[in-house]
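Beneath this line is the structure, given in structure tokens, with notes to follow.
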Amino acid sequence: VLELDHVTEINQEVAADVCREGLKGLEMLVLTSTPVTPKALLHFNSVCRSLKSIVVHIGIVDYFEDPDSPEARRLFEEMVCKLQALKKRPGFSKILHIKAESVC
């Protein structure tokens with residue numbers, strides 16, 4: 001199990017570095033208040049073959065300094081929709097769990 005809490009954004013490059021450092025046997029990934037990109041989750045899922053669960057808990061304040069701005073709200077909604085869309089991909093429907101402030 002790897003749990004990252006209040007870490008800076010996890011993108012595909014960071015995911016690749018983490019996996020290269022020996023997390024290929026990872027079974028559970030929990031990201032709490034840690035911004036993550038869809039490409040990073042795709043990378044974890046493709047490289048970490050033992051992964052049984054990915055849990056993402058995010059809020060708008062994890063992505064934006066001014067969470068009340070209309071632009072931040074729109075961009076956050078788009079990000080949540082992109083993360084939720086991953087559930088439709090093979091291999092993600094049963095392991096990906098997204099908990100966000102607002103949902104698509």
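The mean sequence distance of close C-alpha pairs (under 8 Å, at least 6 residues apart), as a share of the length of region 13-104, puts its relative contact order at 30 percent. The trypsin sites (Lys or Arg not before Pro) of the chain that meet both conditions, a loop assignment by DSSP and at most 11 other Cβ atoms within 10 Å of the site Cβ, are Arg49, Lys52, Lys94. Size descriptor for the chain, Kirkwood hydrodynamic radius: 13.8 Å (Cα pairs only, one decimal). With coordinates expressed along the principal axes, the C-alpha atoms belonging to region 29-89 extend over 39, 21, 13 Å, beginning with the largest.
Histogrammed with a bin width of 10 Å, the alpha carbon distances of region 15-60 distribute as 28, 59, 13, 0 percent, first bin at zero. Expressed as a whole percent, the accessible area of the chain that falls on carbon and sulfur atoms is 53 (1.4 Å probe). In the chain the longest region clear of GluC sites (Glu not before Pro) that are loop-assigned by DSSP and have at most 15 other C-beta atoms within 10 Å covers 28-64. Counting only protein heavy atoms and a 1.4 Å probe, the chain has 58 square angstrom of accessible area per residue.
Between the Cα long axis of helix 70-85 and the first principal axis of the chain there is an angle of about 30°, rounded to the nearest 10.
The values are calculated or read from the model by the stated rules, or taken from the named source; none is laboratory data. From a predicted model like this one, the values you see are computed outputs, not experimental measurements. All Cβ positions, glycine included, derive from the backbone under ideal geometry; neighbour counts span all protein chains shown. Note: areas computed on protein heavy atoms with side chains; ligands, DNA, RNA excluded. Shrake-Rupley method; radii C 1.70, N 1.55, O 1.52, S 1.80 Å.
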